[in-house]
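Please read the structure below before turning to the comments.
The values are calculated or read from the model by the stated rules, or taken from the named source; none is laboratory data. As the structure is a computational prediction, the values presented were derived from the model and not from experiment. Methodologically, a virtual Cβ is constructed for each residue, glycine included, from the backbone with ideal geometry; neighbour enumeration extends over all protein chains shown.
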Amino acid sequence: MEPILSVEHLRRDYGGRGSVTHAVDDVSFSVERGEFVGIMGASGSGKSTLLNCIATIDTPTAGHIRVEGQDVTALKGRSLSRFRRERLGFVFQDCNLLDTLTGELSRADSGDPALPF
């Protein structure tokens, strides 16, 4: 059976010629369907960078990330947007809400008469 997630030789570098930081350096692992995985490490060890790359929020410097066999590191533009919309869900560490907005939305505002509110 194919892994639900496969990370192969992933690398994410920041900086330039004089000072390069290897936030993620040659990380490889796979996750099987139904498996639970924890990522642990010291502050600054690259956990968030790794998760951001897997979630397509950040772009790896090298390596491949496959979700159910699809190489998401090869996706660009509309294909990447479609993948994010149809296949991913995000739960952020910080509350990324806009203070000026509420949870209320009318059918007229949404443009979708099928919405239940």
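Is it fair to say Gly103 is part of a loop (DSSP other than H, G, I, E, B) and either modelled with pLDDT of 70 or more or surrounded by 11 or more Cβ atoms within 10 Å (Cβ to Cβ) (or both)? I'd like the intermediate steps shown before the answer.
Numbers: part of a loop (DSSP other than H, G, I, E, B): yes; either modelled with pLDDT of 70 or more or surrounded by 11 or more Cβ atoms within 10 Å (Cβ to Cβ) (or both): no.
No.
Which is of a type in the set (Ser, Thr, Tyr), exposed (fewer than 15 other Cβ atoms within 10 Å of the Cβ) and under 17 Å from Leu5 (Cα atoms), of Thr59, Thr49, Thr73?
Details: Thr49 fails: exposed (fewer than 15 other Cβ atoms within 10 Å of the Cβ); Thr73 fails: exposed (fewer than 15 other Cβ atoms within 10 Å of the Cβ).
Just a single option satisfies the conditions, and that option is Thr59.
Considering only segment 37-57, I want to know if a residue exists there that is modelled with pLDDT of 95 or more and touching a His at 6+ places or on another chain (Cβ under 6 Å).
no
Do you know which of the residues in segment 1-45 that are part of a loop (DSSP other than H, G, I, E, B) and among the β-branched types (Val, Ile, Thr) is surrounded by the most Cβ atoms within 10 Å (Cβ to Cβ)?
Here the residue is Ile4.
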